[in-house]
Amino acid sequence: LEDKKKTDQYQNNIKRKVFSQKFNNIDDYLSSLEMELHLFTCNELNISRISQMTQKTNQFNLTTKRYLEEDLVNINNNKNLINCLSVKDRFGDNGITVASVILIDQHIAVIDSFLLSCRILGRGIEEAYLLLLLNNLFKIGITKVEAKYIPTEKNIQTAEFYENQGFNLIKNEKSGSKSYSLELLKTYPIKKYYKFIS
């Protein structure tokens, strides 16, 4: 069953690629995908999937921290924020393919883990999801967000993700790890073709 799902999703990605060639600009293409993004907080129905994603996701994974279910339960019990996102569009349902772990300390939020499945790349979902998280943090009174990039052999494509989203680089270590900070002063506009449902 899992293999069939992967085959279907692979074939749907080919259809998306062919479909994208009809458009002259990326916004028209993304708008026409009719994306529905369901935001969930960590619960007993999705915790195993979130754990599995932290264990298996390598390419788009900013810190590549691996968590067992019991780890996530402990984090979740301490007023931190664990979320996941289910992604659906006109070509199919990818299911839960995005996850994040955010640690809260008074007015500061630390993005501990931020990851998404490589099979949903190319739709800008990672950027829209980050903006949604920042907006939600702003609404609960967070004034500063910290984040980190920890390099591995496989996640090099995410090396400048936070810079590209307006975060300030505050430390660049010899190992290649980078630390970031963002003063949270406002909410951010998100393109309307990302239809978030929570």
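The values are calculated or read from the model by the stated rules, or taken from the named source; none is laboratory data. If you're wondering where the values come from, they're calculated on a predicted model, not measured in any experiment. Methodologically, a virtual Cβ is constructed for each residue, glycine included, from the backbone with ideal geometry; neighbour enumeration extends over all protein chains shown. Accessible surface areas use protein heavy atoms only, side chains included; no ligands, DNA or RNA. Shrake-Rupley method; radii C 1.70, N 1.55, O 1.52, S 1.80 Å.
For Cα pairs less than 8 Å apart in space and 6+ apart in sequence, what is the mean separation divided by the residue count of the chain, i.e. the relative contact order in percent?
Dividing the mean separation by the residue count of the chain yields 24 percent.
According to a simple spin-label model (label point 7 Å from Cα along Cα-to-Cβ), what is the distance in nm between PHE196 and LEU169?
Each label point is offset 7 Å from its Cα along the Cβ direction, giving 2.7 nm.
Give me the number: length gained by fully extending GLU153 to SER20, i.e. 0.36 nm times residue separation minus the C-alpha to C-alpha distance, one decimal in nm.
Value of the extension gain: 44.9 nm.
Which aspartates and glutamates, if any, have their Cα less than 13 Å from the Cα of LYS88, not counting same-chain residues under 8 positions apart?
GLU34, GLU36
Under the classification rounded if a/c is under 1.5, otherwise prolate if a/b is larger than b/c and oblate if not, where does the range 1-41 fall, given a ≥ b ≥ c as square roots of the Cα gyration tensor eigenvalues?
Oblate, because a/c is 1.5 or more while a/b does not exceed b/c.
Using the heavy atoms of the protein chains and a 1.4 angstrom probe, tell me the accessible area per residue for the chain in square angstrom. Intermediate results must be reported in sequence, preceding the final value.
On the way: 11050 Å² over 198 residues.
Roughly 56 Å² per residue, with all protein chains present.
If a/c stays under 1.5 just call it rounded; otherwise compare a/b with b/c (prolate if a/b is bigger, oblate if not). Do that for the range 23-70, with a ≥ b ≥ c from the square roots of the Cα gyration tensor eigenvalues.
Note, shape of the range 23-70 comes out oblate.
Heads up, I need the accessible area for ASP112: 1.4 angstrom probe, whole protein in place, Å², nearest 10.
About 10 Å², ignoring ligands and nucleic acids.
Rounded to the nearest 5, what % of DSSP beta bridges with both residues in the range 1-154 are antiparallel?
In the range 1-154, approximately 85 percent of DSSP beta bridges are antiparallel ones.
Quick check on my link table: of LYS56/LYS192; LYS4/LYS79; LYS56/LYS79; LYS65/LYS191; LYS56/LYS174; LYS65/LYS171, which ones sit more than 28 Å apart, alpha carbon to alpha carbon?
Among LYS56/LYS192; LYS4/LYS79; LYS56/LYS79; LYS65/LYS191; LYS56/LYS174; LYS65/LYS171, the Cα-Cα distance tops 28 Å for LYS56/LYS192; LYS4/LYS79; LYS65/LYS191.
Assuming R0 = 41 Å, can you tell me the calculated FRET efficiency for the pair LYS56 and LYS186, based on Cβ-Cβ distance, to the nearest 0.05? Don't jump to the answer; show the numbers that get you there.
On the way: r = 35 Å, r/R0 = 0.86.
Efficiency computed from Cβ-Cβ geometry: 0.70.
Starting from the Cα gyration tensor of the range 105-198, take the square roots of the eigenvalues, sort them a ≥ b ≥ c, and report rounded, prolate or oblate (rounded when a/c is under 1.5, otherwise prolate if a/b is larger than b/c, else oblate).
Numbers: a/c = 2.10, a/b = 1.13, b/c = 1.86.
Oblate is the answer for the range 105-198, as a/c is 1.5 or above yet b/c matches or exceeds a/b.
Report, to the nearest whole %, how much of the accessible area of the range 96-188 belongs to carbon and sulfur atoms, 1.4 Å probe, protein only.
Numbers: 2230 of 4350 Å².
With neighbouring chains kept in place, the figure for the range 96-188 is 51 percent.
Provide the packing ranking of 127-134, 38-45, i.e. peptides ordered by the mean count of other C-beta atoms within 10 Å per residue, highest first.
Numbers: 127-134: 20.8, 38-45: 14.0.
Ranked from most to least packed, the peptides come out as 127-134, 38-45.
Near LYS6, which aspartates and glutamates are there with a Cα under 14 Å away, not counting those fewer than 8 places off in the same chain?
ASP93
If I take every Cα pair under 8 Å that is 6 or more residues apart in the range 84-198, average their sequence separation and divide by the length, what percent do I get for the relative contact order?
After rounding, I find 22 percent.
For the chain, what is the Kirkwood estimate of the hydrodynamic radius, computed as the reciprocal of the mean inverse distance between distinct Cα atoms, to one decimal in Å?
Taking the inverse mean of 1/r over all distinct Cα pairs, the chain comes out at 17.6 Å.
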